[in-house]
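Read-outs throughout are calculated quantities, based only on the coordinates presented, and are distinct from any laboratory measurement. Note that the coordinates shown come from a computational prediction; the quantities given were computed from them, not determined experimentally. Counting neighbours? That spans all protein chains shown, and the Cβs are built from the backbone with ideal geometry, glycine included.
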Amino acid sequence: MPTKWSTHLAFGQVDYNYGPKRVFLFLKIMPITLDKKKELVADLDDALKGANSVVFVKFDKLKVSDVNSLRRNLQSQEVGYKVAKKTLLKRSLSSLGVTGELPELPGQVAVAYSKDLLAGAREVFNFQKIHKENVSIVGGIFEGQYKGADEMISIATIPSLQTLRGMFVNLINSPIQRFAVVLDQIASKK
């Protein structure tokens, strides 16, 4: 004969029904209070106002270890990462004065924000390569404008400033090197 008992917790009520071969768990979660919502929006406002770029990240079925790995990678590049309810995120974004149209935000969404224009997009894109089915860039904010997924991915593939400098030095050095080889060949013939 199944027994039933209830436990009342601060956040809701849990009912356990025991039967011969089954266990049922019903969890009633209380909604977020208005004060807590205001606090969350204020935190998002503070984080996003100081950011030069923001990446909207759709995630699904990520392991805790993978999320921790992503957070560590982003933190090492001085990129912040917050998971937020879409309605609270939209409320926070409306106060930023960003131009353009907000891209569609499907599923569970997080924001990666940074003062560096490329670091957030680049790190999320690199993580997305490994976890294709679980993480994707769905848009972002770049230079005060909303950008779609394709634009943010193209921004993410821009090399870092240090890499660009190395490419520039190599580009300048190549003709000088060829000129030195030609002079050496001329000098060896005489």
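Which loop-located GluC sites (Glu not before Pro) does the stretch 116-146 contain, where loop means any DSSP state but H, G, I, E or B and the Cβ has at most 13 other Cβ atoms within 10 Å?
Here the GluC sites (Glu not before Pro) that fit, given the DSSP loop and packing criteria, are Glu133, Glu143.
Quick one: what are the phi-derived ³J(HN,Hα) couplings along the stretch 56-69, Karplus 6.51/-1.76/1.60 with θ = phi - 60°, whole Hz, x for glycine and proline?
Whole-Hz 3J(HN,Hα) from phi for the stretch 56-69: 8, 10, 8, 9, 7, 6, 8, 6, 4, 5, 5, 5, 5, 4.
If neighbour count is taken as other Cβ atoms inside 10 Å, put Ile158, Ile141 in order from fewest to most. Let's see the in-between values first.
Values: Ile158 13, Ile141 25.
By the 10 Å Cβ count, ascending, the order reads Ile158, Ile141.
Sequence neighbours fewer than 8 away in the same chain don't count; with that in mind, list the aspartates and glutamates whose C-alpha is under 15 Å from Lys147.
Result set, ordered by chain and number: Glu101, Glu104.
Provide Lys36, Lys129 in ascending order of the number of other Cβ atoms located within 10 Å of each residue's Cβ, fewest first.
Ranking Lys36, Lys129 by Cβ neighbours within 10 Å, fewest first, gives Lys129, Lys36.
Taking other Cβ within 10 Å of each residue's Cβ, how do Lys38, Lys132, Lys190 sort, fewest first?
Lys190, Lys132, Lys38
Mind listing the phi-derived Karplus ³J(HN,Hα) values for the stretch 145-157, rounded to whole Hz, using 6.51, -1.76 and 1.60 with θ = phi - 60°, and x for any glycine or proline?
Calculated HN-Hα couplings, in order: 10, 6, 10, x, 4, 4, 5, 5, 5, 5, 5, 5, 8 Hz.
Could you work out the local net charge near Phe127, counting Lys and Arg as +1, Asp and Glu as -1, over the other residues with Cβ closer than 15 Å to its Cβ?
Combined, the nearby Lys, Arg, Asp and Glu give +4.
What does the convex hull of the alpha-carbon atoms of the stretch 34-162 project to on average, in nm²?
Orientation-averaged projected area of the Cα hull: 7.6 nm².
Given a cut-off of 25 Å, name the pairs among Lys86/Lys132; Lys61/Lys82; Lys38/Lys58; Lys49/Lys129; Lys86/Lys115 whose C-alpha atoms lie farther apart than that in the structure shown.
As for pairs spanning more than 25 Å Cα to Cα, those are Lys49/Lys129.
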